[in-house]
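The values are calculated or read from the model by the stated rules, or taken from the named source; none is laboratory data. Computed from a predicted structure; not experimentally measured. For neighbour counting, all protein chains shown are included, and Cβ atoms are generated from backbone atoms with ideal geometry for every residue, glycine included. Just the protein is used for accessible areas: all its heavy atoms, side chains included, with ligands, DNA and RNA removed. Shrake-Rupley method; radii C 1.70, N 1.55, O 1.52, S 1.80 Å.
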Amino acid sequence: MKPSLVLALDFQKRECIDYWIEQTEHLFDWYKVGMEAFYAQGDYTIAKLFQRSKHIFLDLKLSDIPNTVYKATKALLSRYPVDMINVHALSGKDALSAFREAVTEMSDFHKKPIRAIGVTLLTSLSEEDLQMLGLTNANKTVMTLAHMVKEQHLDGVVCSLKEAPFVKENLGEEFLTVTPGVRFEEVPAQDQKRTGTLEEAVKVSDFIVIGRALTSAANPQEVIRALQERWEQLI
């Protein structure tokens, strides 16, 4: 399928959330509501997006024992019938299975598909970080986690653009890849280590998450225009 652009609404103030939705709704059909926006303005942000018929990726990276993951997922989706939600794959296969069960039940309840996604490794982790944690290289770790996610019948994974090609090659085109860490020349990578370009993302990603590469730009309107031009050329 054609990849979708996802804007990360990583803000605490309503005026920032309003501004970025209004400035980008002509270009983005998907929006990511992560911890910062959810904890500060969850009801407001999600209601605002529903009012505009936007698709919502609830990015809370659930991680706990299986029973807690199951109950928390059902509680969230009972209140917020979003389009995609994620769990951290390092929670283990039983938690992934419980998460899948909860998402399936709530998809049936709301009579809409809700994508269940497993988070592999944060894009802020470097190879040195992985060594300190006793893990092997990023690609091998991501692939191990991605295989486990697929075995538990989730729809796909969050991974960096460095690993996404291997996920697609080994687990199939239908297994979804959600890729943060897209960077433009105008904005440095900051705390994200495993990043890539929009051109790379289009080839290997189903959901291309764009955040500070746009929202931290000195001239965001110029970046929005440039992004739209590049997107129209690539798709």
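See the values below:
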read-out	value
Restraint check, 13/140; 111/140; 2/150, Cα-Cα greater than 27 Å	13/140; 111/140
Other-chain or far-sequence residues with amide H under 5 Å of residue 119's (modelled H)	87, 88, 89, 158
Carbon plus sulfur fraction of accessible area for the chain, probe 1.4 Å, in percent	50 percent
Three-way shape label, the stretch 89-235, alpha-carbon gyration tensor, a/c 1.5	oblate
By average C-beta atoms within 10 angstrom, highest first, the peptides 129-137, 210-218	210-218, 129-137
Low-density loop positions, trypsin sites (Lys or Arg not before Pro), the stretch 1-102 - DSSP coil, at most 14 other Cβ in 10 Å	13, 52
GNM flexibility winner over the chain from 221, 51, 41 (Cα, springs under 10 Å)	51
Segment residue 51-residue 131, extension gain: residue separation times 0.36 nm, minus the distance between their alpha carbons	24.3 nm
Mean accessible surface per residue for the stretch 52-156, computed with a 1.4 Å probe while every protein chain stays in place, in Å²	47 Å²
Charge sum, other residues only, whose C-beta stays under 15 Å from residue 75's C-beta, Lys/Arg counted +1 and Asp/Glu -1	-1
Cβ-derived FRET efficiency at R0 41 Å, residue 173 paired with residue 44, nearest 0.05	0.65
Overall form of the stretch 1-41 per C-alpha gyration tensor (a/c, 1.5; a/b vs b/c)	oblate
The stretch 124-172 shape via C-alpha gyration tensor axes, a/c threshold 1.5	prolate
Within the stretch 195-235, backbone nitrogen closer than 19 Å to the virtual label 7 Å beyond the Cα of residue 2 toward Cβ	198-210, 225-235
Centroid-to-centroid separation of the stretch 34-95 and the stretch 1-29 [C-alpha atoms, Å]	17 Å
Helical mean residue ellipticity (222 nm; -39500 (n - 2.57) per DSSP H run of 4+; nearest 500) of the chain	-15000 deg cm²/dmol
Relative contact order, percent, the stretch 31-136 [alpha-carbon distance under 8 Å, six or more residues apart]	24 percent
